[in-house]
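Read the structure below first, then the notes.
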Amino acid sequence: MKHILCFSLCLYSLFVSSQTNRLEGLIIFNNENLEGVNIINISQNNSTISNEFGLFDIKVSLGDSLSISYVGMQDLTKIITTKEMSTTIIKIVMYEKSIELKEVEVVKYESINAVSLGIIPKEMKTFSQYERRLATAGDFKPIHLLSLLGGSLQVDPIVNAISGRTKRMKQGVIRENKQNNFEFLETNYTDFALNQMKLKEGEVGLFFSYLVENKDLEYRIKNHEKDKFSFFLMEEWNTFQNDISTNSNE
């Protein structure tokens, strides 16, 4: 009997290690389900994103590595083990990325852009709001309802996803607006900053990154007048330099 049991376990292990499954998961942050998280199977070079309920599914095999990332969150790496292969839905908790700024020093960089400043993740496809909705449409499959009946998927996460969706969409709009404003400055005023304001190449990117946090910037872009906007940039550059000096002295 023992020999039969050991043989059965070996066959099961070989079966699990060779099969490819559709792994289903739930992304959570602060007890709320997180929409728009990038999940990349590095081993098989395929990817997906979590839907409005924080749910995703992706093709995996035993031993695959999943890279999980979201703007403002700590990047995660998940190794697929036999536990994940046999679980109906896995739960992945993300944590906010904390950055402590102790000192600011303006130096010359070879290349400053939205990617190097962390506005856009490096080597990762980004999705607009419309692309995200299209990619996630229909991801909530009937199997999720079976999981709900079976008790493996809690009701609370779904309720939290619905109640927190508006908040996350507003945060997404803010991030997209900042990115668009950065690109407007980079496209229209890089030459002005270099030639008229006499900024160094590395200073331009830092200054534009500082400007996207200005509450008046979007209004000035919408009511764009070149002369007034140029004067606004010079005023803000002085403020930026004063802020750097203050932070360096503290």
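If you go through segment 193-250 and keep only what is of a type outside the set (S, T, N, Q) and not in a helix (DSSP H, G or I), you end up with M197, K198, L199, K200, V212, E213, K215, D216, H224, E225, E250. Just a yes or no: is a residue in segment 89-98 modelled with pLDDT of 90 or more and basic (K, R)? Looking through segment 89-98, at least one residue is modelled with pLDDT of 90 or more and basic (K, R).
Looking only at segment 41-72, filter to residues that are of a type outside the set (G, A, S) and closer than 21 Å to Q179 by Cβ; which one of those is surrounded by the fewest Cβ atoms within 10 Å (Cβ to Cβ)? The qualifying residue surrounded by the fewest Cβ atoms within 10 Å (Cβ to Cβ) is V71.
Residues are listed down the side, and each one gets a yes or a no for (1) at pLDDT below 85; (2) of a type in the set (A, V, I, L, M):
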residue: G202; (1), (2): yes, no
residue: S209; (1), (2): no, no
residue: L217; (1), (2): no, yes
residue: N223; (1), (2): no, no
residue: K228; (1), (2): no, no
residue: N247; (1), (2): yes, no
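The values are calculated or read from the model by the stated rules, or taken from the named source; none is laboratory data. No experiment lies behind these values; they were computed from the predicted model shown. Quick reminder, even Gly has a Cβ in these numbers, built from the backbone with ideal geometry, and neighbours come from all protein chains shown.
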